[in-house]
Structure formats: structure tokens, C-alpha cells
Amino acid sequence: METVNMILCGLGGQGILFVTKVLARAAVDKGFHVIGAETHGMAQRGGSVVSHLRIGSGQSSLVRAGEAHILLALEENEGYRNLSFLAPGSTMYVNTESEIFPRKEVQPYLAEASIQCKGAPAGRIALDLGAPLSSNLALLGFFSAFRQGPIRHGELRNTIDTISPDRFKEKNLKVFDTCHEWALKRSA
């Protein structure tokens, strides 16, 4: 398998590291080599958090600029801030409620690099389900509907079931599944 490079980004407190853990654990459970790293500023105060995840035979834990196949952004502006990581032909998945997505000013760059953009109101879906802190799992559920990368919906779901604390397990799975179904309905 060719190495799949992923960038996960957002703001401190949004659960970037938990989603990275879910993806990494699911990949390891499938027998893949996984390496990753986190870079963050004032995460405790809502600052930028970026997590690098490499599934396959990567030697370095950091994804270089222009080499990421997938970007998951829990906050739209953080997605734009990390565009430089994306390789030509890659895809970004963004938590957004913007009426114009992606923004007009980045559309030429995205078109030239053949970068696909997929957006979902993950934060609103999680809030509507009574889990405002679970937009991370909503975005992961959305991403899982597109079957990109080596890990599938069922494998991610099993990992969430395994590693979620008991008191959050049912809610986490509901948020993940609801956003997955939301994406399937819209892509049909």
C-alpha cells in the first residue's frame, strides 16, 4: 500500500487528538504501520492544533507541504491555513456552515491543484444531538462516507466503540453514525 498522509487541524479543545487516535488505532488494528505527530500552539486557549498522521511506510512523523492526501478540518479557517499541506488531487473535509464553501478567494488555488472540498455542518449536527463537544466525531463520520483511505466506516466505528469512555460511548457512536448517514443521503 502507498503511504496515506493525513493532516487533522482545528482549535484547542475540539478533539483533534482523539480523532487522530481513532484513525491511528483503526489503522494499526488493520495491520498498517502508523506514525504521527502533533504540533500545536496555545491549544489550551483555543489556539491552532495540527496533527500529522502517516499510514503506510512513512519514515518521518511529519507530513511535508504538498504531500497530504487528506485534510480534516474541524474549523474552516484552520482548513484554509493548512492548505499548503495538500498534494495535487487531494481532498479536504471541513466542518462548515458557510453558504459559500470553499471561499471565493481560495477557489482558483483549489481548482489549479485539483483539490476537492467537502463540507458538512458537523458542529451543528453534534449540537442538535446534544453533544456539542463531539463535532470531531461528526466530521469523522462525514469523512467515512466517502471511503477514502485504507480505513472504512465499520473499522472506525469499532475503534470508537473500543476506546470511548463508557459514559460517552453511546453518544459518540450516535454522532458518528448520524453524520455518516447525513453524508450518504447528500452524495446519493
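How large is ³J(HN,Hα), in whole Hz, for each residue of the stretch 163-177 in order, when computed from phi with the Karplus curve 6.51 cos²θ - 1.76 cosθ + 1.60 and θ = phi - 60°, using x for Gly and Pro?
These are the phi-based 3J(HN,Hα) values: 9, 6, x, 3, 5, 10, 3, 4, 5, 4, 5, 5, 4, 4, 5 Hz.
Based on Cβ point charges of +1 for Lys and Arg and -1 for Asp and Glu, what charge dipole magnitude is obtained for the stretch 50-188 about its Cα centre, in debye rounded to the nearest 20? Can you show the working numbers first?
Numbers: 16 positive and 15 negative charges, 45 e Å.
Roughly 220 debye, rounded to the nearest 20.
What FRET efficiency comes out for Thr3 versus Ala65 if R0 is 22 angstrom and r is the Cβ-Cβ distance? Round to the nearest 0.05.
Values: r = 16 Å, r/R0 = 0.72.
Efficiency at R0 = 22 Å is approximately 0.90.
Order these peptides, 134-143, 77-86, by their mean beta-carbon neighbour count within 10 angstrom, highest first. Please list the in-between numbers first.
Numbers: 134-143: 28.9, 77-86: 20.0.
Top to bottom by mean Cβ count within 10 Å: 134-143, 77-86.
Would you pull out the residues with amide H under 5 Å of Thr3's amide H, same chain only if 5 or more places away, H placed 1.01 Å from N?
Residues meeting the amide H criterion: Ser57.
Compute the label zone of Arg124 within the stretch 68-96: residues whose backbone N is under 17 Å from the point 7 Å along Cα-to-Cβ.
Zone members listed by number: 74-77, 94-96.
Could you go through the stretch 145-161 in sequence order and give the Karplus-derived ³J(HN,Hα) for each residue, using 6.51 cos²θ - 1.76 cosθ + 1.60 with θ = phi - 60°, rounded to whole Hz, and x for Gly and Pro?
Per residue, the Karplus-derived 3J(HN,Hα) values read 6, 9, 6, 9, x, x, 10, 9, 3, x, 5, 5, 4, 4, 5, 4, 4 Hz.
Spelling out what I want: for every residue of the stretch 88-95, take phi, set θ = phi - 60°, compute 6.51 cos²θ - 1.76 cosθ + 1.60 (Karplus), and round to whole Hz; glycine and proline get x.
So the Karplus estimates, Gly and Pro as x, are x, x, 8, 9, 10, 10, 10, 7 Hz.
For the modelled label position 7 Å from the Cα of Arg103 along Cα-to-Cβ, which residues of the stretch 80-94 have backbone nitrogen atoms closer than 16 Å?
80-85, 94
Relative to the present Cα-Cα distance, how much length would full extension add between Ser187 and Lys21 at 0.36 nm per residue of separation?
On the way: separation 166, 0.36 × 166 = 59.76 nm, distance 2.71 nm.
Full extension from Ser187 to Lys21 adds 57.0 nm.
Name the residues whose placed amide hydrogens come within less than 5 Å of the amide hydrogen of Ala68, ignoring near sequence neighbours (fewer than 5 apart) on the same chain.
The list, which skips near neighbours in sequence, is Leu86, Ala87.
Since every read-out is calculated from the coordinates, none of them should be taken as a lab result. Please read all numbers here as calculations on a predicted model, not as lab measurements. Note that each Cβ is placed from the backbone with ideal geometry, even for glycine, and that neighbours are counted across all protein chains shown.
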